């Protein structure tokens, strides 16, 4: 069932602009530092911003997810360039997983996303973030003999990652990084490779959101289906500026310690989204 659009007189006032710039700055730095797309931070805050300005709960969650994923297209490009310059991207893994990720992202964005109601997406998002935070805290060490599956196996894993990531507006790094670490890929290479995989995932999912929301009438000024273009432009500009700085910091600091702190914050984000879904 497609989400019913409602006409809302929404403008980018100075406060809204500042909130979007701050969100883009933080998520861009985290994208470079941890290899994430930033959707797990953007979705709860952007949905709250839209809801506060009169957008329905149903539509605000879907617009936040779609817009957050679209910003990852730009953030991933900036982040992966910095990681590639440091030799931290496993392009063989990118080539193997990308076909599955693209298929999963398209199916999710064009089909499943439009059918699932906003509150249900909020619950899925909360569970996904909670799982990701737990993976960060556990930091399990894989057996030394474990290796990556063949390319067809990596593509199959990628399709599942693309499907779930498209539903929750995340760049997939919270699944691709644990998967690569589980297969004994070095941490810095896993983070850099996850950033590279975020680009085809975000591009495919965004295309899916456009297809899925093609028949949706304009709900607010600047909306294009499920995408809110003004927020996309502002957040993307800020995040692209900060992503290379985060990537440089990833090679100069104890990322594991930072990941544990970030995991605790993610539990709070998961709880907030769960409360919104049930309210």
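The values are calculated or read from the model by the stated rules, or taken from the named source; none is laboratory data. Since we're looking at a predicted model, the values are computed, not measured. All Cβ positions, even for glycine, are placed from backbone atoms using ideal geometry, and neighbour counts span all protein chains on display.
Tabulated data for the structure shown
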{"item": "Looking only at region 31-48, and only at residues there that are at pLDDT below 80 and either assigned to a helix (DSSP H, G or I) or in contact with a strand residue (DSSP E or B) (Cβ under 8 Å, 6 or more places away or on another chain) (or both), the one that is surrounded by the fewest Cβ atoms within 10 Å (Cβ to Cβ)", "result": "41"}
{"item": "Hits in region 60-95 (condition: part of a helix (DSSP H, G or I), touching a residue at least 60 places away in the same chain (Cβ under 8 Å) and surrounded by fewer than 24 Cβ atoms within 10 Å (Cβ to Cβ))", "result": "73, 74, 77, 78, 81, 82, 84, 91, 94"}
{"item": "Where a residue in region 247-260 is farther than 17 Å from residue 189 by Cβ and its partner, wherever it lies, is surrounded by fewer than 18 Cβ atoms within 10 Å (Cβ to Cβ) and modelled with pLDDT of 70 or more, with Cβ under 8 Å and at least six apart", "result": "260/137"}
{"item": "Test for residue 15: is it surrounded by fewer than 20 Cβ atoms within 10 Å (Cβ to Cβ) and either modelled with pLDDT of 85 or more or closer than 22 Å to residue 190 by Cα (or both)", "result": "yes"}
